[in-house]
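Where a number appears in this text, it was derived from the coordinates with a stated rule and is not lab data. What you see is a predicted model, and the numbers here were worked out from it, not measured in a lab. A quick note on method: Cβ atoms are made from the backbone with ideal geometry, for glycine too, and the neighbour counts reach across all protein chains shown.
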Amino acid sequence: MDTAARIDLHSHTTASDGALSPTNLVKKAHSVGLTALAITDHDTVEGLDEARVEAAKVGIRIVPGVEFGIEVGGTEVHMLGYLFDDKNPLLLKKLSELQDGRLNRGKKMVGKLRALGINITWARVAEIAGDGSLGRPHVAQALIEAGYASSIDEAFKKYISRGRPAFVERAHLTLEECIDLVHQSGGVAVLAHPTFVKDVEHVLPRLVEAGLDGIETYYGRYTEETIASIEKLAKKYNLVTTGGSDFHGLDALSHADLGSVNVPVECLEQLERRVAQASTSKQHL
């Protein structure tokens, strides 16, 4: 193992709701000494090819990733896929469908906001999102621009979080569809930021039954006690431990700066072993 290796397995670019382009994110990763970076944009892999071009110049490994939002028993759960074939036709078809759902959701949110007398336009929200995977942060930025909120956090809490007046449910895959999609694309499925999941110890057995491979253990500002409790769950259910900063480049969305979370390089090695084991099992079927 390379003792100088440093990895971050959770980051976002302008392909979804990050502030940095894939090129600039890789440049930042290089500047902070990362040797491997997973780009895990929401419902899209559009940033990967651009990131690879810059990564080849600076000698960083790009780990293909994606982040899905699903619902399990009324609880929102985020799932990370890693090490899949990002040109897989089935994967790309499903991601395209999810992108369409995001657009429809955004339009409905803007409609609700306008019905409340809030003067923002769909055209402006779409312009803010650009070519990225449109999400609530883009609606929040339009609200800030128009003077209805002072921060992304305030925009969410006042208008677009669950239970607020302009919230709209999004189209999503079921738990089983999500994990199956990652596996069929040759990858591994990991539960993101488990402390965000309500009653995670109750939810986890269902995820494991559906084929979960790992759990994000080293994250943001997790304390040693939190990490130890998640490591215990990982051991109980034979899950790979992973981690990352969840860097967005937007203060309200970033839980830590890129590369600032101490993620053991063995995490990536363990994910690779899971992929290899799954591939071997398929060959023997």
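What the table shows:
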{"read-out": "Neighbour net charge for GLU169 - beta-carbon separation under 11 angstrom, K R +1, D E -1", "value": "+2"}
{"read-out": "Percent of Cα-Cα distances greater than 23 Å, calculated over the chain", "value": "54 percent"}
{"read-out": "Net dipole in debye of the chain [+1 Lys, Arg Cβ; -1 Asp, Glu Cβ; about Cα centre; nearest 20]", "value": "620 debye"}
{"read-out": "Principal-axis tilt of helix 266-283 within the chain, Cα atoms, nearest 10 degrees", "value": "80 degrees"}
{"read-out": "Rounded to 10°, Cα long-axis angle of helix 48-58 versus longest principal axis of the chain", "value": "60 degrees"}
{"read-out": "Amide H within-cut-off set for TYR218, under 5 Å, with H built and near neighbours excluded", "value": "THR242, GLY243, GLY244"}
{"read-out": "Region 152-186: GluC sites (Glu not before Pro) falling in loop per DSSP and having at most 11 other Cβ within 10 Å", "value": "GLU169"}
{"read-out": "Packing rank of 229-238, 37-46, 78-87, where each peptide gets the mean count of other beta carbons within 10 Å, highest leading", "value": "37-46, 78-87, 229-238"}
{"read-out": "In degrees, nearest ten, helix 224-236 long axis to first principal axis of the chain (Cα)", "value": "60 degrees"}
{"read-out": "Anchor LYS158: aspartates and glutamates whose Cα lies under 20 Å away (excluding residues fewer than 8 positions away in-chain)", "value": "ASP17, GLU76, GLU145, GLU169, ASP251"}
{"read-out": "Relative contact order (%) - region 157-285, alpha-carbon pairs under 8 angstrom, separation at least six", "value": "19 percent"}
{"read-out": "Percent of C-alpha pairs per 5 Å bin, region 149-285, short to long", "value": "2, 9, 15, 18, 18, 17, 12, 6, 3, 1, 0, 0"}
{"read-out": "Antiparallel bridge percentage (DSSP; both residues within the chain; nearest 5)", "value": "45 percent"}
{"read-out": "Area projected by the alpha carbon convex hull of region 100-176, averaged over all directions, nm²", "value": "5.2 nm²"}
{"read-out": "Whichever lysines have a C-alpha closer than 20 Å to that of LYS198, once near sequence neighbours (fewer than 8 apart) are set aside", "value": "LYS157, LYS232, LYS236"}
{"read-out": "Euclidean distance between Cα centres, region 115-172 to region 58-114, Å", "value": "18 Å"}
